[in-house]
Amino acid sequence: MPQRSGLGKGLDALIPGGEPVSSAGGAAQVAVGAIQRNPRQPRQSFKEDELEELAMSIREHGVIQPLIVSPAGNGVYTLIAGERRLQAARRAGLLNVPVVIRNATDQQLLELALIENVQRADLNAIEEAEAFHHLIKEFGLSQDAVALRVGKSRVAVTNTLRLLDASSAVKQALVDQKISEGHARALLALHSAKAQEAALHSIINLDLSVRQTEQLARKLGGQKPVSKKKTSGNPNVSDIERRLRTSLGTKVSLKHGRKGGALTIYYYSDEELDALLEKIL
């Protein structure tokens with residue numbers, strides 16, 4: 001069976017040539033003050049109660065899983081993996097923590113921090129999108145290459161990146177979990193920040209579903225609502241639309257009649273069109 005890239009290989013396999021410090025293959029002890037935060041850490045927010053719980057556990061049992069760090073020179077190390085453990089260790093008052101030292105490039109610092117957070121489902125959608133964007137813009141990776149490294153589909157990466165086009169208010173609402181990614185993507189059909197924020201206000205106040213948000217976006221964008229006359233007689237149409245949306249990762253509309261019908265697949269960028277064509281063909 002071929003070995004998977006990205007998430008399937010784990011953090012150690014993604015840093016070729018790195019060796020643990022101790023000859024026994026275990027972890028070394030490094031002063032907490034000698035470890036600096038990964039400047040490319042995509043995760044910006046940490047839940048206070050979870051950090052405090054972890055700090056209490058560390059006071060009782062110590063840091064069980066070593067952190068992974070990279071030499072930064074002059075006895076200083078850059079954190080690769082273990083941001084929560086490092087913060088909690090500081091809260092617990094530890095002077096030293098167990099680490100495994102690896103050599104890593106700037107690109108690997110971002111990739112590995114991203115992979116660790118994706119594995120733990122720690123990143124919100126905007127943090128994930130910004131990390132993907134950095135990999136593409138700073139290191140010249142294609143969307144396919146990003147997808148391979150983080151163990152996601154090309155369509156999933158494209159859809160996540162699209163969230164960066166949302167207004168500041170929409171992105172903050174997504175970070176605050178007031179709306180879902182589906183809501184945010186539906187709002188991208190509105191091309192002005194003012195229109196997006198007006199629709200966002202309605203979503204939150206009226207507790208609109210993603211489908212209702214899509215209808216609202218069409219209305220505010222001057223589009224005619226999708227007719228349901230020809231689909232009302234066939235209970236399978238909605239299920240087919242749902243399955244296609246899940247498979248293709250984008251909005252799908254099916255109009256079915258006695259003598260045929262029409263299937264409409266929506267896309268919102270050239271990259272997403274390429275991904276859809278690749279998937280279909």
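The values are calculated or read from the model by the stated rules, or taken from the named source; none is laboratory data. Note that this is a predicted model, so its numbers are computed, not measured. Every residue, glycine as well, gets a Cβ built from its backbone with ideal geometry; the counts of neighbours run over all protein chains shown.
Descriptive notes on the structure:
- Under the condition of being under 26 Å from residue 123 (Cβ atoms), at pLDDT 85 or above and not β-branched (Val, Ile, Thr), the residues counted in the range 56-70 number 5.
- The single residue among 103, 38, 74 that is among the polar types (S, T, N, Q), over 19 Å from residue 127 (Cα atoms) and in contact (Cβ under 8 Å) with a residue 60 or more places away in the chain turns out to be 103.
- Within the set 183, 256, 201, the sole residue that is modelled with pLDDT of 85 or more and surrounded by 15 or more Cβ atoms within 10 Å (Cβ to Cβ) turns out to be 183.
- Scope the range 16-54; condition at pLDDT below 85, part of a helix (DSSP H, G or I) and not charged (D, E, K, R); matching residues: 51, 54
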